[in-house]
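Everything below concerns the one structure shown next.
Nothing in this text is a laboratory measurement; each read-out follows from the coordinates by a stated rule. A quick note: this is a predicted structure, and the numbers were derived from the prediction, not measured. Here Cβ is always computed from backbone atoms with ideal geometry, including for glycine, and neighbour counts include all displayed protein chains.
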């Protein structure tokens, strides 16, 4: 488990790095971005994960997410993984569509060939990358983790957190796909990676998981009402309904005029970081 | 003088737009980005210009500059022009170098062929684009303008402001080229666009202008000390020396560990916007 630092840049009173490592899980090299605020020698900082959306790499939020000022202020490490395996021999959507294959791992462990060998983003996010951080970033306090994400990555954040309730103290999302079993992006991805048996899909559907009894510590969601994917793909009202029925504590905010882009995400990023920081700093 | 709005996106409590217009000055279409904070009907907001560096378009600072939160907070319009003419028939560096030609207009009015027809960024920034704003953005208070920029655009901000002392109430720069007559980038650009007579270059050299008696209302400069262009191209100490000799009020800050990138610019952007806002909001 070695790790290569591809770049290190000073920004906002901290260090923004891009790292690469050979992943056993995906059988490829994987890259991720990590921002570490300046801190006292030996100090431990909480970790906020951010899972990105379709077509993204680690770089999109790193360049456009506007999280560094808030993370430096609150002393929070920000980790942004890639969204799929990449590299020679990694299969892609046969039509090179942007909603499946490269850049579209959907945070699942694929069981169908030819995807099963490399497309294992669930295990990568749940097991391998946290282990790597624990080993290589001694200032990362893995007892205090939060998770967020955008769109497909909002789906990832919600479902990873719902399946591992003890890992995260705080969960938020920007414009998440809340019920992939009920929208075209999700049906294509889950059908493609997992096969036609819909019973296998529910582990990857936030609403289904909540309906089935899984719970989050708390939840903050921002969703733009001018987001062109809202009605067909994101379906925020389904999450509101599942949370209401389950008594799941949640703050789900419709933001008037905002779309699906990083212009939206960056607007509310500082609030999300502050929201996570508050929960990551208090005792359980 | 018509203007076409290419995109309009809600962000940080305001509107980020990209506009295009046919420029008489450059004899090309020109694009620029403009962020307008939400404001009361009929209100007038001060205008902060931001001139970008080599290789950039309007888009770099729009995506990575992290100015919107501060501009919305302070009620400041942010305008980011392109760095050169572009389009069919516009000549480029014969070797396609990135420090001359497309993306490298250097904010001069070229006098040498084949550049003289299109490469007229000085007049574009000094005359045409302000006139366009006055006509098409009635909320822009052109009696309250500030200007900033990065690298080649820092040079642009300083020299435009030094030549038009009544136009700007506030001037700042990120890692500016302070003396283009004394560095390789500047010598190539000024020699190429203006010819070998160095006497014609001084109108485009901030240090030479200050040495010659031109003055700024006040000046804020941030410069990273890990900027690899500092010693050979940017030469901040020359600006410190010219300001000291001239009694020019200036705050020139060396920022330890910071490089030349938008990770540096975005770190100090909010402070620059606040600094401009303070000066743009008080009376003369």
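Evaluated at q = 0.08 Å⁻¹, the base-10 log of the normalised Debye intensity for chain A, with identical point scatterers placed on the Cα atoms, takes the values -0.29. Taking every DSSP beta bridge that has both ends in the protein assembly as shown, the antiparallel portion is near 50%. Taking only the alpha-carbon positions of segment B:112-214 and ignoring solvent, what does the Debye formula give for the base-10 log of I(q)/I(0) at q = 0.10, 0.14, 0.20, 0.21 Å⁻¹? One equal scatterer on each Cα of segment B:112-214 leads to -0.30, -0.57, -1.08, -1.16. The modelled label-to-label distance for the pair residue B:199/residue B:127, using points 7 Å beyond Cα in the direction of Cβ, is 2.4 nm.
Note on segment A:46-116: Kirkwood hydrodynamic radius from all Cα pairs is 13.6 Å, rounded to one decimal. Counted residue by residue at 0.36 nm each, then reduced by the alpha carbon distance between them, the extension gain from residue A:218 to residue A:29 reaches 64.7 nm.
For the protein assembly as shown, the Kirkwood estimate of hydrodynamic radius, built from reciprocal distances between every pair of different alpha carbons, is 25.2 Å.
For the listed peptides A:91-97, A:62-68, B:190-196, B:101-107, a ranking on the average number of other beta carbons within 10 Å per residue, highest first, reads B:101-107, A:62-68, B:190-196, A:91-97.
Here is the P(r) of segment B:93-153: all C-alpha pair distances, binned every 10 Å from 0, give 19, 42, 28, 11, 1 in whole percents.
Remark: the Cα gyration tensor places segment A:1-57 in the prolate category, a/c being 1.5 or greater and a/b exceeding b/c. Provide the gained length on full extension for the span residue B:254 to residue B:41, in nm with one decimal, where the gain is 0.36 nm per separating residue minus the Cα-Cα distance. Length gained, residue B:254 through residue B:41: 72.5 nm. Restricting attention to chain B, close to 50% of DSSP beta bridges with both partner residues there are antiparallel. Judged by the ratio a/c of the largest to the smallest principal axis of the C-alpha gyration tensor, segment B:165-264 counts as oblate, that ratio being 1.5 or greater while a/b is no larger than b/c. Extension gain for residue A:113-residue A:141 works out to 6.4 nm (0.36 nm per residue, less the C-alpha to C-alpha distance).
With a ≥ b ≥ c the root eigenvalues of the C-alpha gyration tensor of segment B:238-284, is it rounded (a/c under 1.5), prolate (a/b larger than b/c) or oblate? It comes out oblate by the Cα gyration axes. State, as an integer percentage, the relative contact order of chain A based on alpha-carbon contacts under 8 Å between residues 6 or more apart. Here the relative contact order equals 17 percent. Where in segment A:114-137 is the amide nitrogen less than 20 Å from a point lying 7 Å along the Cα-to-Cβ axis of residue A:163? Counting only backbone N, you get A:114-134. So if R0 is 56 Å, what FRET efficiency would residue A:244 and residue B:96 give, r being the distance between their Cβ atoms, rounded to the nearest 0.05? Here the calculated transfer efficiency is 0.40.
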